[in-house]
Amino acid sequence: MRRTIVLAIVSGILTVAAVGAVPASAQQAAATPAEATAAGEFIAGLADRVFAVLKESQPKPALKAKFRSLLKESFAVDEAGAKLIRRYRNQITPAQLAAYQAVLPDYIVNVYAERLINYADATVKIVRTQAHGSTGAVDVFSRVATPGKDPFDIIWLVEKGPAGKWLIVNVTVSGINMSLTQEADFSSYIAKNGFDALIAMMKTANARPA
């Protein structure tokens, strides 16, 4: 259950910014204290926006639509998606890669939206932030509390995109690295069924009613 709440607190959940954005991890310079603070404010602001949506009295499909918009703005979908299939990157064709990239954003966002829709009472508190090595990225440590349940920790890995906007690259929930977990799930599925079957599965999931 704790794995599923990720993502999105916002969180999809997974592991993901608008399509095509690539965070500037190539900067190879540690984030400054001011940047680390800004990254924490980014996560806090995103959580506030997400939970404000959760508390709205709207039909579930409408809430999910708002979720999708928020998450697509805030996750580095391309970078996260590339990591999920890195074991197979040299084995697939350009056409397969393009098909995967086309279905990935909606798949990831839908997964997280489905999970987070049930956590309107949760609160997120930013505990601390720190530079993530010398990549320019920042780890944002947070504590999530839900009435009647034990609190748990989420670490958000965020980086700046080319336009200087903070984007979420990965999420670690209670010590579980969501990117590595999703990568293992995808790898297992591909090993059993093939890469084209993975794409077909994602398309089917995306086509389900909200």
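Since every read-out is calculated from the coordinates, none of them should be taken as a lab result. All values reported here derive from a predicted model rather than from experimental measurement. Please note: Cβ atoms are built from the backbone with ideal geometry, for glycine as well, and neighbour counts cover all protein chains shown.
Summary of values
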read-out	value
Point-to-point label distance, THR37-ARG89, nm (Cα→Cβ direction, 7 Å offset)	3.6
Prolate/oblate/rounded label for region 60-177 (Cα gyration tensor, a/c 1.5)	oblate
Hydrodynamic radius by Kirkwood, which averages 1/r over all alpha carbon pairs of region 153-202, in angstrom	12.7
Label-point separation, THR146 to ALA82 (7 Å along Cα→Cβ), nm	3.4
Under the Karplus curve 6.51 cos²θ - 1.76 cosθ + 1.60, θ = phi - 60°, whole-Hz ³J(HN,Hα) for region 140-152, x wherever Gly or Pro sits	10, 8, 9, 10, 10, 10, 10, x, x, 10, 5, x, 9
